Each structure stands twice: as C-alpha cells, then as structure tokens.
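Below: the structure, in structure tokens.
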Amino acid sequence: MTTIVTAVLILLLLALVFGLILGFAAVRFRVEGDPIVEQIDALLPQTQCGQCGYPGCRPYAEAISNGDAINKCPPGGQSTIEALADLLDREVVPLDSEHGEEQPKTVAYIREDECIGCTKCIQACPVDAILGAAKQMHTVIVSECTGCDLCVEPCPVDCIDMLPLPVTPTNWKWPAPVSDPNLILTDRGRGHLLQGGSQ
Amino acid sequence: MTRLYSFHGGVHPPENKRQSLGAPIRQAPLPARLILPLQQHIGKPATPLVAVGDTVLKGQKIAEPSGHVSAAIHAPSSGSITYIGLQPVPHASGLESPCIVIETDGQEQWIERQPLTDYQQLDKQALIRHIRNAGIAGLGGAGFPTDIKLNLGRDHIVNTLIINAAECEPYITADDALMRERPDEILSGIEIIAHLLQPSHILIGIEDNKPNAIKALRDAIRARKLPIDLVVVPTRYPSGGEKQLIQLLTGIEVASGSIPADVGIVCQNVGTAAAIYRAVILGEPLISRIVTLTGFALGHRQNYEVLIGTPFSVLLESAEVDRSRMFRLVMGGPMMGISIEDDRIPVIKTTNCIIAATREEMPPSPPAQPCIRCGMCEQVCPASLLPQQLFWFAKGREFDKARHHNLFDCIECGACAYVCPSNIPLVQHYRFAKSEIRNEEAEQLKAAQARERFEARQARLAREEQEKEQRRKERAEAAAREQARKKAEAEQADAGEQDPEAELKKLKTAASIARTKLKKARDALKNAQEKGLDGTDKLEATVLQLEQSAQAAEQAWQNATGVQH
Amino acid sequence: MALIHLSSPHVSKANATDRVMRLVLLATLPALLALTFFFGWGSLIQLCLAATSALLFEAVCLRLRKRPILFFLRDGSALVTAILLALAIPPFAPWWVVVIGSFTAIVIAKHLYGGLGNNPFNPAMVAYALLLISFPVEMTQWNAPFVLIGDSWKALASFPESLMIIFSGVNHHLIDAYTGATPLEVLKHRGGMTTEEVWRNVPVLSDGVFAWYGISAAWLMGGVFLIYRKVITWHAPFAMISILFLLSSLFYAGDPSNFADPFVHIGVGATMMCAFFIATDPVSCATSNRGKIVFGIGVGALIYIIRTWGSFPDAAAFAILLMNLAAPFIDHYTQPRSYGHRRANRGIGGGR
Amino acid sequence: MNPELRKITLDGLWHNNPALVQLLGLCPLLAVTGSVVNAIGLGIATTVVLVGSNLTVSLFRHQVPEAVRLPIFVMIIAAFVTAIELLMQALTYELFLILGIFIPLIVTNCAIMGRADAFASRNPVPAAVVDGLMMGIGFSIVLILLGAMREALGAGTLFSNMHLLFGETARSWQITLVENYRGFLFAALPPGAFVGMGLLIALKNLIDAKLKQRIEKSKSTQTDPVASKRVRITG
C-alpha cells in the first residue's frame, strides 16, 4: 500500500515540477507573433490588380495567412508561389488558372490623340500612375505603372494598350547558358548552339 | 625602384600581340557616315544638342552630358545630321540604342579650337569643366567619365596616381602603339592630371612584354621633371584590371564596394592621359582614338587612328578583311570583349580593339561537360572567389548564396572560364546571376514603391471620404438647426391659429416623395437583379425599408385627411 | 557570313576533363607495374575486368538517363574509378567481386547521385567499402608476394593459372601456398605478441613488407607526377601523410610494443594511394586549398584511429567516405578571403 | 466503395504511404527488415497498434483538450504497444526476441503518432479505423518488400524462419533462391536497408511519373474555360 502511495506521490511531484518548468518556459521563451502578413505581403508583386479576388495585395496576404491558397497571383507567377511555399512551408502548386495566366510584364500606354479626358482611368489606377485632368489628355507615368490593366476596362474609347516594356541595352538581361549537354558526339565543336548566347 | 607586389591567380594566355605591331599607327579612312551612340560611357546617356538637318563642324559639341555621371559627344568630322534614333551599338545584347548619325562632307572643317595652354594659372574647376566639355571617358575599356575621377573634391586626398599601361589582354596593342609613338602626349596628359590631383607619387604600371614602349616612356620621363616611377610588372592577365594593378603596384586592396579614391589612389589609362593632353593643350575634344585591328581574317593587322563613330565595316574593309574566313568578330580583347554580330556598329570611345578571328583562331567552345570541382578556376581567380561554388549557385538559381560567396566582387575577367577543363561558360553564368539579382532588386524596389503609392492612395481616398462625411454632417446639422429654428418660429406663429391646410400639404408631399423614392429603389433592384450584380441583398433591404416609410407617410397623410374630413 | 554571338572569354586553354583523366590514368601505371611485379598477373586481369564492366555499366546508365553515351564515355572518369578499384582489391579476388564493385561504384555511387560531378562520395571507395563489408573473406585474402614464396617471379601463378583462380573459383591446390594476411592485418590480430615479436615471427612482415613498401613507392611516384603536372595540389596528400606520421610517431614513441611504427602506417596499406589518388579526387573532396588541408588532416587522423582502435585493419575507404560526408561543410567554412574583403565569409549563407 | 473510404485506402496504400511518401517510422523500417518474417511480424504489430490507437483517439477526440492532446495520444499508443508486446511474448516468443527493442519502440513510431494527430483526432470513427488499417497495411507492404529484397540478396532465401510467426507447418515455406549462397552482407546490414529503401522510393516515383504522363496525355484534349474571379478594387 505504501509503495503505491509513494509511487503516486512521486509521479504527482514530477508532474508538478515538469508542469512548472513548462509553464515557465511558455512565459519566458514566448515567440513574439511574427508579422507573417507583412512577410507575405513583401513577397507579393504589389501590382494591386485584384486578380486574386481580393481588393489589393495586402488583403490577399491576410487571406493567405488565414489559410487561403497561395496560387492565386498571376502577376507574381510561379516564382512568387515558390517563395510563398518556402515561407509558409506549404506545397508548391501550379498557378490557379481561374485567376489568370502568368504573362510577361506590361505597362499601360494611352494613345493620347484618342483620349477624351474622361478621368475614368485615373480613378481606376490603384497606384495613381496616371496623370491628367477632366477634358485634358491623360498620360501614364511608365515608371510607376504596375501593369495591373485595371485602367483598360473603364476607358470609354478603348485608347489604353497594355504593352510589354521594350528591351533596351540598359534593362537587357544576360540569358542563362544552356548547360546540360543533351547532345550526341557529332555535336562536339558546336557548343555555341547550346550556350544560348545567340539572340 | 619601387617594390612589386602580387595578386592572386591570373593566367597567361597566348599574347598574339606581335602581329599588330609590325607597322606604325595608320590613319583610318573618313567614312561616309559616322554613327555616334548617345551612351558610350558609364552613366546617363548624353542629350542631343542638334536636330536632323543641322550642319556640324568637326569638334562641335552635338550632345551634352545629362546628370553628374555622363559625358559629352562631339562631331568627329564636319557634315550634316541625317538621323537621330535607334541604331545597333556595340553592346553585349546586340540591341539598338539612340544614336546621332552624321553624313560627312569630306571637308574636315574644324570648329574653332579653344586650347588652355596656360592651364596652370587657371582655376582647377574651370580646367575640370573643360575636360568634361571635351567628352573624355576612360579609354581603357570601362568608359567612366574622366572628369569625375579628377574632381574628387575635398573628400579624398590623392596619394598615388597610377597610370595603367599594362594592357594585359591578348591581341590588344593600342596603348602599346600609343606609348611607342606618342609618349610625350601621354606625359603631358599625366602632368595635367597631376596638376589637378597633386599626388605625392605617380606610378606607371606596364607589363614586361612591351619593351619598346617601356624604352620610349623611359626616355620621355627622363626629359621631364615629374616624379614618375615606371614599374614593369610581369605579364599575367588580368594585371591591367584596375584593382589588380593597384594591388600589384602598392599592395593595397580596394575594399569591396568602394572606389580606389577611398584608399587615396586614382587610376587613369594612358589613352585617357593622351586624350586629356589633346583636350587641354590642343583644344581638341575626344573625337578619335587608337584601335587595334587584328585577327587572322584581316590582311593588314595594325593600329589605326579612328574617328569615333566609324562603322566597323569601314575599318574591316580598310584592313582588307577576308569575309569568308571571318568567323567571329570581337570588340575588345578575347578575354573580356563582346562578340559582335552586325559589323555596321560604330567604334565608340571604349573600343580599343577589333578582332576579326578565323574559326581556327577562336573556335567555338565545345559543349560544357559537368563540373568536376577540380578547383582550377579557384587557382586563377584574381578576386580570390570560389568560381565553382558560384557556378553551382548560379545554375541552381540560389542567388542569395551566390551573393554570400561575393558574386559581386567578380570582375568577369574570364580567367576561370579560360582554364575550365569542362568548358563551362562560367562568366556567362555569373553575368546571368548578376542580372537576375539586379532585376530582382529593381522589382522589389518597384513593388515597395507601388505598395507605398497604393497605400497613399487608399489613405487619400479614406481622408476624402471622411471629409465628405464631415461636410455632410455639418450641412445636416445646419439644416437641422435651421429647421428647429423655423419650427420654433412656426410654433410660435401657430400658437393661436393652426394651418391644417399647410400641414396636410406637407404630409402629402412627404408621402409622394416616399413613393418616388420607393419606386426608384425598386427600379434599381430590378435592374441589378437582371444584370446579376453584387449587392442585391442590400438593395432589397433598402426597398423594404422604403416601403415601410412610404406606407407610414401614406398612412400619416390619410389619417390627416381623415381627421379633416 | 555567320558571325556567332557568345559570352566572353573567346579563347580557352585546351585543358579538357578527358586530358586530366588521362594523366591520372598514366599516373596509376607505376602502381600497376609494382603490383604485377610483386603479386603476379592478378592485378592486370582485375583491371581489365573492372575497366570493361565499369564502361559497360556507365554506358547502360547513360542510356537509361538519356544522356549522350560516347560524349560522356570519353571523359574517362569511369575508367579512372575502375582502375583505382581494381588496384585496391586483392589481385586474386574472384571475378564477381570486382564486377559487383564496379556496379556499385558506377551505378549506385555515381549515377544514382546524378553522374559525374554530382557524387558526394568517391565511387571507388564506396565500392571498396561495400565489398569489404559484404565479402570480408575474399577482400582480405591477399596472396603472398613472390619474395615470400620463392626466389623469383616464377614462383607466382602463371597467367593461365591466374585466370583460373580468378574465374573458376578458388583453386585449393594453389591457394594454400598463396593466401596470407596483409601486414596491417597481422599487426591488428597479433594475438598478444608485442610489435617487435610480430615483426620477428611473421614472414609477411619480416620478409615480405618490402613488397608493400615498393607498391607504396610506386603510388608516391604517380602522385608526384600528378602534382608536377598540376592535376592535383600538394595540400591534401601532404596534410594527410603528415598527420598520419605525427599521430603514429606519437603513439609509437609512447608505447612501441603496442603500436606500429610510423613507417608501417605510411608505407603499408592504402595510405599512399589514398593520399594521392583518392583524397585528391576533386568531385568528392573539399575544394579550397585550406579546405583540402582540413580534409587531409581529417582523413589521416581517421585512418590512424580506425586502424588502431577500429575493427578493420585498413581504414582508408572508411576514412575517405566519412570525410566526403564532411566535405561540403568544410567547404563552407574554408572559403578564401575574397579580394577587397576584410574577412572570409563563413557558412553557407542565404539560408533561413 | 464509398468514395471517401476509397480515397483513404488509396492514400494509405499509395499516395500517402507512411514509409514511401511520409518517410515516417524509418528507424524500425530500416532496422528490422533483414528478413520477411521480421517484416511481417513488425508490420502486424504496427498495424494493430495503428488501428487501435486511431480508433481510440477518434472515439475520444471531442473530449481531449487541444493543449495536452499529444501526451494523451502517446499514452493511448503506449497502452496498445504494451498489449501487443505482451501478446507477442505469449505467442511468438522467439520472434519477440529477434525484434527486441523495436516492439516497444513502436510507441515512438512517428507514423502512428502522425496519423493519430493528423487524421484520427479530426475524423469520425469508421474513417479513422480504415485509415489506420490502410496506413498499417501500406507500411507493412513496404516492410515486407524491403525484407524480401534484403533477405534474397543477403542470404539468398525467402520466407525463412516463418515458423516463428505461423507455427511449425510454416517451417517448410522457406524458398532457397541460390544454393550455397555466399551471403551479401551489405544487404543484411543497415546501409543495405537505406539503399533498398531509396530504390523503392525511386520506383514509386517512377510509377507515379508514368501515371501522371498517361493522365496528362488523355487530358490534353479537353480544356476547361477560364472563369474570371477578378475583383475590381478601384472605381
């Protein structure tokens, strides 16, 4: 009988001690809530296009932190999905085509002689990248345009085009060399075909 | 004699310099068209000062620098401007860029030259302005606007002036020829630089494979009073790299991310020194330079004095090119030069060499084999990097790690790719990684900017909304006060007599207004439902509410009429 | 006119991987000759077997991986692996031992990890370790060098006899005269004798040890040739041999009756081969010069520790494999100081 | 079969196989798969514990407070393991001796804990039981495959010593693949288990890739229209 009592007492004592240690650790080493929304928001492309179904990038970031899918951002594309998957320790999934396709970056251009100065596009632009006043011609500040194309639809005369940014020597990027030689022996000496250097 | 230091790594590829040193510098023919890219230097492109149709004189400024880091451009010959717009330019991308095209008239008519022979009496700023106006940018290859390097202000004390005469790349002999034939121009240029910077020490670094140039310079130095040390360094690529030459001559390393001036050193190329001499003493802006034309596809391999803007094709013809044998056209040296597909592109300020190579001379590299981590690249890297690690990271797109391994200290000298037994295009991997990282950074910056603008806009909209609300409230309050006042007045007036007629009318109006409102709301709801728009539930609620209030108003009116009748 | 557009540099040194591999092959020649001289035809036959089977496995793997077969076969890496393996195993081991070995080396240790350049472990050593674990009997039975069994080379098995021993199983008639333990094994399982007594009483040591010294000298020759031709650097071999020498001297000086002397550790067993041909394998070892020194020190120390206190008489393969495992880590912590940086970077960086 | 249960079954046996995909319970997996009989023994024990613990956890899932759920699961699992251990001692004592420490170690098998936490504590009893059973069978299949591979390579036999588990009649089940086999010790040692496991995973991935290819081939003909879910955030 005494053995049982001793055993129970010892176990209770142990439980108490460990409970105290755990409780202390929980208070002392509390991890400050990581502002995960901020981190997610930092990975999103900030086009503010709304293609994800949320009004802006931050709301989508909030939605992701609450468990929404990470594959609803076409402007960010696969690389954003990968970065998000990495951050949130989720699985990499292909882009949800319901929200659109990943497309090369574009910038809005207003065909200025057709513009009637209705200011509708100015109201539509989420980043205030369109300049103009009523009855005056409008123009896009190219360096501020995120390419969200929200201005295209409201335009009553369809004078806004989404055009890819032209490649100039300044923004040109070196292509990655093709490195894996899937070649046969007679290809020896024709390396330039494989190095991706030719434009 | 000064002590000689050493830098890590380096290679010694076949020099191939002799073939272009057989003959003296030759004047290149005047081309029919001169193509002058607005960007021939590091920094911002120049802004044109001329329009199509203008006639210009030789040496006339046709584009002025825009911004701090920029360089002016001058007409290399007299003629008329025929075109301003996109033209192929010497760039690794092979893309087009804005240029000014001059149709030459063959007159070679100079604009009035403005030499500053008494520069020692002049204000230093005026002299620097003069050099800036002459459009001089580093002629060694990088093309950094020279006036900035000379205008260091009070932030930097210049201890050592290093004149880069190493010319370490194979094939190129432009500086060598210049030193052989015009050592006095170089030394006069050095005098001007020394006057501006007041260094306590001047070093000329030259590789030991140029005995004639060394002799010519030595003789010229003896004739002057300048305290110049001519240091002969062993031939080892890339001893002519700015940082490598500084390490060779002084043993000092320029910290990553800073400039030589931070350690009290300024480096200038011999060609730049000669150009400064011409600009200051002769009053001639930078409109020509010496270009080595070499490679086994050429009949004449020698150095040419070439007007900036001369198309490559003109020079190649003049050097009797055998186009059937020409396999690769390189601007610059074989280690760092860029390959050219279109020979209509012009000579620019940084064009020191044109190699028209045959297939045997520069065969296409065989396909890349897997990296076996042999470490040869590491042995030759002048920046003491781990090229093979950088290669893995670049290939695996692990750019953070590449950065951690100091990718941006890579000077793209090509020594690693030169020795790689697996023929991996290492330099291209690094260039790719660098441009990806830069691009990523730019995008991040842009995203941050977009976020800021978006948030600012949201804030602005919210503020406007709030203000509107505020105004509406104020108006409502004012109206309420007014009404209360009127009501009080009316009550006072009504104290004795009532005006049931007026009351009735008021109620009737209220009822009809309520009815109209209800109708409008119903229409809106119907419309919304037909179009399937969002928010119909809200509208429905409104309609319900209005229905109730309309009924109430109707009731009130009817009650009133009932009471009266 | 077809001008091509490429990234610089536009010239390169004719220094192909296959040339490196050819030099390595050339450098193994002295050891092959020495082995043949002391032990007979066995090594040559093993070498042919290993080379044929390795090339075959390599070709099959390349085919399965849809890679160009001839392009990769020409780089000679499979051949180098095969030869190192063949020269490491006992000359008269049964034929299937070496075939299983080259299968392990080429298929498992190399191609399953992604082929040339991607294998974390040295293929030859993986194969050797696998064989040693799986077939301890076959892998530890060395025949005696001729200096023990007769006055001249004629005492060894003739070529047809050698073929018979290797291919048709053990010829008991012959083998009795031939098999014996290696010096390291004798020293390991000495049964209570002091080092001195072992040296006096066991013929493999008293008379035959010179054969092993001769073979080590041959490996050393090949290694010096490779350093001279700049195929390898001195760092890893030097560090490895020095540390082995240092450790064995220390312990031998402290207790000469229980520990083997340093020259045995360096001159007998796989030390020299390991130092110059295995610890310098670029793919699976550390890359920077300082890293190579650390790597060499690790291998040397592990060899001594395993030989002296472990359960295997020779330990080169295990030491190498263990250090292979550590090579990426060594690499991350031995980055050279880059130009313009005050201190060298440490660690892998970029990770979260 | 009910589609939900069908999915659970497929998950356990293939798509989410605890050994091949989740890589859980590797310690016993690699340690005791030297022969088929060991594998079967451990497989059965693990499966029983899985089913039992899933059942119990699912039964009490509403009563278990979130904060202390893991200790409680461990207690439940430990109880089942103890029962199994005692059973094995009683019925198959020799096998119990061979498997030794790995029977009590089932408690720490992450596969069991994982299923209890990830599935059983969130699903009704029938689903949890099926999940436990299927996961257990999936785990056992891998154990047996690996055991067979290693036994065949290492000792040249199959189904040796089956009498330890199935009584004396099973003694004759042994198949000798190669007479006088010299023994390939590597396969019998833990490194061989790692290599074998790697090969099994590779095989599974290969099959999956082929299946996916086939599905994509048949799917490529039909494309579904893109429905826009875009929200306008501005006026």
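Coordinate-derived values only; no laboratory data. For clarity, every value in this text was computed on a predicted model and none was experimentally measured. Methodologically, a virtual Cβ is constructed for each residue, glycine included, from the backbone with ideal geometry; neighbour enumeration extends over all protein chains shown.
A few remarks follow.
- Legend: helices of chain D (whole DSSP H runs) are marked when their alpha-carbon atoms reach 18 angstrom or more along the helix axis and their mean Kyte-Doolittle hydropathy is at least 1.0; marked are D:36-59, D:69-91, D:125-155.
- Relative contact order (%) - chain C, alpha-carbon pairs under 8 angstrom, separation at least six: 16 percent
- Take each residue of peptide B:372-385, count the partner chain Cβ atoms within 10 Å of its Cβ, and average: the result is 6.
- Beta bridges from DSSP with both residues in chain B: antiparallel share about 60 percent, rounded to the nearest 5.
- In order along segment C:313-321, the Karplus-derived 3J(HN,Hα) couplings, from 6.51 cos²θ - 1.76 cosθ + 1.60 at θ = phi - 60°, round to x, 10, 10, 3, 4, 5, 4, 5, 4 Hz, and Gly and Pro are given as x.
- Charged neighbours of residue C:334, selected by a Cβ distance under 11 Å, balance to +3 (K, R count +1; D, E count -1).
- Ordering of D:155-168, B:383-396 by packing is B:383-396, D:155-168, highest average first (other Cβ atoms within 10 Å, averaged per residue).
- Dipole orientation for the protein assembly as shown: of the candidates C:285, B:292, B:553, B:292 has the Cα lying most toward the positive pole (charges on Cβ; Lys, Arg +1; Asp, Glu -1).
- Amide H contacts of residue A:68 (H built 1.01 Å from N, under 5 Å, at least 5 apart or other chain): none
- When only alpha carbons of segment B:1-145 are considered, Rg and Dmax amount to 19.0, 58 Å.
- Taking 28 Å as the limit for the C-alpha separation, the pairs B:210/B:434; B:124/B:225; A:105/B:395 exceed it in the case of B:210/B:434.
- Candidate cross-link partners of residue B:487 among the lysines, defined by an alpha-carbon separation under 19 Å and a same-chain spacing of 8 or more, comprise B:505, B:506, B:508.
- Over segment D:42-134, the alpha carbon radius of gyration divided by the compact-protein estimate 2.2 N^0.38 Å works out to 1.07.
- The calculated 222 nm mean residue ellipticity attributable to helices in chain B amounts to -13500 deg cm²/dmol, summing -39500 (n - 2.57) over DSSP H runs of n ≥ 4 and dividing by all residues.
- Beta bridge orientation in the protein assembly as shown: antiparallel %, DSSP, nearest 5: 70 percent
- Built amide H within the under 5 Å cut-off of residue A:165, gap 5+: A:107
- Placing unit charges on the Cβ atoms only, positive for Lys and Arg and negative for Asp and Glu, gives segment B:366-477 a dipole magnitude near 300 debye about its Cα centre.
- Ordering of B:547-555, B:400-408, B:168-176, B:109-117 by packing is B:168-176, B:400-408, B:547-555, B:109-117, highest average first (other Cβ atoms within 10 Å, averaged per residue).
- Exercise: per-residue mean of other protein chain Cβ atoms within 10 Å, B:456-462: 3
- From phi via Karplus (6.51, -1.76, 1.60), per-residue ³J(HN,Hα) for segment B:503-510 in Hz, x at Gly/Pro: 4, 4, 4, 4, 5, 5, 4, 4
- The shape of segment D:3-216 comes out oblate: with a ≥ b ≥ c from the C-alpha gyration tensor, a/c is at least 1.5 while a/b does not beat b/c.
- Counting only other chain Cβ atoms within 10 Å of each residue's Cβ, the peptide A:163-174 averages 5.
- Unmatched cysteines, chain B - criterion: no other Cβ of a Cys under 4.7 angstrom: B:99, B:168, B:267, B:353, B:371, B:374, B:381, B:410, B:413, B:420
- Measuring nothing but alpha carbons in segment C:1-117 and taking Rh as the Kirkwood radius, the Rg to Rh ratio lands at 1.11.
- Overall, the anisotropy analysis places segment A:36-99 in the rounded class: the square-rooted eigenvalues a ≥ b ≥ c of its C-alpha gyration tensor yield a/c less than 1.5.
- Assigned charges on the beta-carbon of Lys, Arg, Asp, Glu; chain B dipole about Cα centre (debye): 260 debye
- Computed per residue of chain D from DSSP H runs no shorter than four, each worth -39500 (n - 2.57), the mean residue ellipticity at 222 nm is -20000 deg cm²/dmol.
- GNM top mover of A:104, A:177, A:154 - chain A, alpha-carbon springs below 10 Å: A:177
- Under the span-like rule (Cα at least 24 Å along the axis, Kyte-Doolittle mean at least 1.0), DSSP H helices of chain A: A:2-28
- Where no second cysteine Cβ lies under 4.7 Å, the cysteines concerned in chain A: A:52, A:57, A:73, A:115, A:118, A:125, A:145, A:155, A:159
- Residue-by-residue Karplus 3J(HN,Hα) for segment C:38-53, coefficients 6.51, -1.76, 1.60, Hz, glycine and proline x: 7, 10, x, 5, x, 4, 4, 5, 4, 5, 4, 4, 4, 4, 4, 5
- For the protein assembly as shown, size of Cβ-based charge dipole, Lys and Arg +1, Asp and Glu -1, in debye: 740 debye
- Relative to the longest principal axis of the Cα atoms of chain B, the long axis of helix B:183-197 lies at roughly 40 degrees.
- In chain C, lysine pairs with alpha-carbon atoms under 22 angstrom apart (chain gap of 8 or more, or interchain): 4
- Among D:9, D:133, D:105 - extreme Cα towards positive end, dipole of segment D:3-216, charges at beta-carbon: D:9
- Residues whose amide H comes within less than 5 Å of that of residue B:259, counting only those at least five positions distant or on another chain, are absent (H built at 1.01 Å from N in the peptide plane).
- Global geometry of the protein assembly as shown, whether rounded, prolate or oblate, following the gyration tensor of its Cα atoms and the 1.5 cut on a/c: oblate
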